[in-house]
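A short write-up of the structure that comes next.
The values are calculated or read from the model by the stated rules, or taken from the named source; none is laboratory data. From a predicted model like this one, the values you see are computed outputs, not experimental measurements. Reconstructed Cβ throughout: ideal geometry from the backbone, glycine too, with neighbour counts over all protein chains shown.
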């Protein structure tokens with residue numbers, strides 16, 4: 001998720017993960033209030049279809065795409081990419097989708113991490129959000145329940161998610177060591193080691209996965225940088241490097257093994273080795 005907090009002027013004691021997360025939660029809750037209350041599967045005509053599309057990831061990722069949309073078109077797009085997107089959900093999104101499918105399409109948010117996951121599912125055009133007193137309820141249309149059940153229960157999905165979680169463990173270990181990481185290295189390994197020759201080998205969805213799974217910001221050139229959630233002041237690190245210097249950690253086997261072993265010392269050698277062999 002995009003880092004919402006500018007902590008440069010705060011006292012060091014305020015630069016904590018809890019403060020960062022709280023501000024991200026508040027920003028997400030404000031955005032939720034402005035998101036559509038119906039999905040493309042609930043509409044009976046195309047009157048509000050453009051308003052819904054403007055809140056979607058597709059609209060954010062392709063802002064210059066000027067065309068009119070229809071319910072039929074967007075429904076086909078959502079269903080057509082459902083399996084690939086389900087494979088590339090963030091951990092929080094995946095858990096929420098599993099609960100929604102199990103509960104028949106309606107679930108109450110139980111912690112703050114689910115708020116950002118719920119917002120992301122709305123932007124995928126999968127869900128809507130409603131408020132009932134102090135409760136926040138997520139609704140998934142019936143039209144998606146059976147297809148998602150089939151996706152989540154398939155052998156291919158489980159195999160791909162397992163490979164993705166190994167990749168995620170390495171990236172988080174690298175962020176633990178370096179604080180931040182240029183997006184190109186994780187994206188390259190994601191596309192070549194995890195997604196190559198699979199039904200989810202889509203560059204746009206891979207980039208969406210990085211944005212929904214990790215904190216991120218942009219450098220002065222506009223490149224995305226993945227952040228460790230506890231890194232309060234990424235600008236401090238960036239100021240130490242010239243504008244022409246690439247700030248990235250090479251994901252070689254040696255550095256990956258060192259990163260994973262450093263953060264997972266209590267894991268067995270076999271498990272650690274499997275995590276660096278993406």
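Is it the case, given these coordinates, that residue 79 is surrounded by fewer than 14 Cβ atoms within 10 Å (Cβ to Cβ), outside the structural domain of residue 215 (by TED's automatic domain parsing), touching a residue at least 40 places away in the same chain (Cβ under 8 Å) and assigned to a helix (DSSP H, G or I)? So residue 79 passes the test.
Please enumerate the residues belonging to the range 56-76 that are touching a residue at least 12 places away in the same chain (Cβ under 8 Å), more than 23 Å from residue 151 (Cβ to Cβ) and assigned to a loop (DSSP other than H, G, I, E, B). 68, 69, 70, listed by residue number. The criterion of being buried (at least 18 other Cβ atoms within 10 Å of the Cβ), at pLDDT 90 or above and closer than 27 Å to residue 117 by Cβ does not hold for residue 259. Is it true that some residue in the range 196-212 is in contact with a helix residue (DSSP H, G or I) (Cβ under 9 Å, 6 or more places away or on another chain), at pLDDT below 90, surrounded by 17 or more Cβ atoms within 10 Å (Cβ to Cβ) and assigned by TED's automatic domain parsing to the domain that holds residue 168? Looking for residues that are in contact with a helix residue (DSSP H, G or I) (Cβ under 9 Å, 6 or more places away or on another chain), at pLDDT below 90, surrounded by 17 or more Cβ atoms within 10 Å (Cβ to Cβ) and assigned by TED's automatic domain parsing to the domain that holds residue 168, one finds none in the range 196-212, hence no. Residues that are outside any loop (DSSP other than H, G, I, E, B), touching a strand residue (DSSP E or B) at 6+ places or on another chain (Cβ under 7 Å) and modelled with pLDDT under 90: does the range 30-52 have at least one? Yes, the range 30-52 contains a residue that is outside any loop (DSSP other than H, G, I, E, B), touching a strand residue (DSSP E or B) at 6+ places or on another chain (Cβ under 7 Å) and modelled with pLDDT under 90.
So is residue 198 within 22 Å of residue 116 (Cβ to Cβ) and in contact (Cβ under 8 Å) with a residue 40 or more places away in the chain or not? Taking the combined requirement at face value, the residue does not satisfy it. Selection of the range 175-187 for residues being part of a helix (DSSP H, G or I) and without any contact (Cβ under 8 Å) to a residue 60 or more places away in the chain yields 175, 187. Go through 116, 146 for me and flag whichever is surrounded by fewer than 18 Cβ atoms within 10 Å (Cβ to Cβ) and assigned to a helix (DSSP H, G or I). The conditions single out 146.
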